[in-house]
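The block underneath contains the structure these notes are about, expressed in structure tokens.
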Amino acid sequence: MKHNRVEFSYSVYENASELAPADAALLDSAREAITQAYAPYSKFRVGAAAVLSNGVTVTGSNQENASYPVGICAERTLLASAAHQFPDAAIDTLAVSYDGDFVKSDHPISPCGMCRQSLQEAETRGGRPIRLILAGQEGEVFIINTIADLLPFAFTPTELG
Ligand code: THU
């Protein structure tokens, strides 16, 4: 019997002003995308922006529904839009931000489990790591090097043969 260990490292920036200009611009796009959110039920609005291998930036926001489970997160809105418009492009970097009526947007949020699974598929499909930039409207910014770090033991397309 042996023990395996999974760990990963990520970068923590004190605030967005410490970011490289391209990363700061992408985070700004994610923050801007928050304004397109439709979140009348949770009042928690999420914006996402990704720069693709073809240089195009694609955005997404959460789109809720009166039948709550039908709602879709910002990340998967973005993934569907990117895959539809640019099926041959990989995602290089994806930024996520948020605001909410009942919370202070002063720390990063990270993608839900369902989005991690979708992001993992996009990463596999693109054939390159997707970098993640996670931040609120203010405060610390996390940069994670690959979705694989967020979803150890993922069920991947390779399992299907
Ligand atoms: N949500 C996202 O869009 N992305 C996340 O990373 C976390 C949660 C949305 C789903 C729902 O519309 C609202 O935030 C509250 O969960």
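The values are calculated or read from the model by the stated rules, or taken from the named source; none is laboratory data. Just so you know, these numbers come straight off a predicted model, no measurement behind them. Backbone-built Cβ (ideal geometry, glycine too); neighbour counts: all protein chains shown. In case anyone asks, the SASA skips ligands and DNA or RNA and just uses the protein heavy atoms, side chains included. Shrake-Rupley method; radii C 1.70, N 1.55, O 1.52, S 1.80 Å.
Remarks
- Any hit, segment 27-35, residues being of a type in the set (K, R) and either open to solvent by 50 Å² or more (accessible area, probe 1.4 Å) or not in a helix (DSSP H, G or I) (or both): no
- The one condition in (1) of a type outside the set (S, T, N, Q); (2) touching a helix residue (DSSP H, G or I) at 6+ places or on another chain (Cβ under 9 Å); (3) in a loop (DSSP other than H, G, I, E, B) that P40 fails to fulfil: (2)
- A Cβ distance below 6 Å, combined with a sequence gap of six or more or placement on separate chains, defines the contacts here; from segment 69-90, residues that are of a type in the set (G, A, S) reach residues that are more than 12 Å from the ligand (Cβ to nearest atom) in the pairs S81/V58; A82/V58; A89/L52; A89/S53; A89/N54; A90/S53; A90/G126; A90/R128.
- Selection status of E7, open to solvent by 100 Å² or more (accessible area, probe 1.4 Å), out of contact with any Phe, Trp or Tyr (no Cβ under 6 Å at 6 or more places or on another chain), assigned to a loop (DSSP other than H, G, I, E, B) and not β-branched (V, I, T): yes
- Residue match in segment 32-46 (condition: more than 12 Å from the ligand (Cβ to nearest atom) and either under 25 Å from T156 (Cα atoms) or not polar (S, T, N, Q) (or both)): yes
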